[in-house]
Amino acid sequence: MTTDLPVTATTTAAALFSTTVPGFGTVRIRALDPAGDAELLHGWVNEQRACFWGMIGHTREQIADVYAFVDSLTTHHAYLMLRDGRPAALFQTYQPEHDPLGEHYPVREGDLGIHLLIGPAGGAPRAGHTEVLVGAFLGFLLADPAVRRIVAEPDIRNERSIARLLRTGFELGPEIELPEKRARLVFLARETAERAHRAIGAC
């Protein structure tokens, strides 16, 4: 796909996943560039709507350092999602057995933990923006047959995020006490994720 966006790290990095959704556009997913994307993320995570991401007040340098550390791990990964070449969402994946979360529930083989931050839509709001991005995200995760269940742990105060996860098909688990928050565990079985992915239409 061609784009008349300026040539930047955000637009030129190799895509790990790409899907075109009729009426929506092309969604690409690529690995996050800790240094090259720090300016973009600094703007996103310092917005009040991103307060549950836990980075309000972080400098660009601190954000770059956080994601450089994530990038150094083999069990945790960060990605940028783009819609028609424009940054649209940040998400992270991790293996719960190699994360503090794994101490708070019985991890199953094939579990994959996630964090998802939808970026500003830009311009006039377009119906289905978040839903299609989530659908593309699921498509990317399901491309790995080893993923049997998707796990998330939103802050219990983040009612909007929890509601969105439930609409996608996640099932509620217990509340847990993490060092930085009280969280609600939610789980999405692979079969349910596949149905949600097909229903959203990002295929």
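Every number here is computed from the coordinates shown, using simple stated rules; none is lab data. As the structure is a prediction and not an experimental result, all values here were calculated from the model. Here the Cβ positions follow ideal geometry from the backbone for every residue, glycine too, while neighbour counts run over all protein chains shown.
Numbers below:
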item: Cα gyration tensor, region 24-90 - rounded (a/c under 1.5), prolate or oblate; result: oblate
item: If the convex hull is drawn through the Cα atoms of the chain, its volume per residue in Å³; result: 125 Å³
item: Ranking of Ser161, Ser18 by count of other Cβ atoms within 10 Å, fewest first; result: Ser18, Ser161
item: Relative compactness, region 148-189, computed as alpha-carbon Rg over 2.2 N^0.38 Å; result: 1.07
item: Dipole magnitude of the chain, debye to nearest 20 (Cβ charges: Lys/Arg +1, Asp/Glu -1, about Cα centre); result: 760 debye
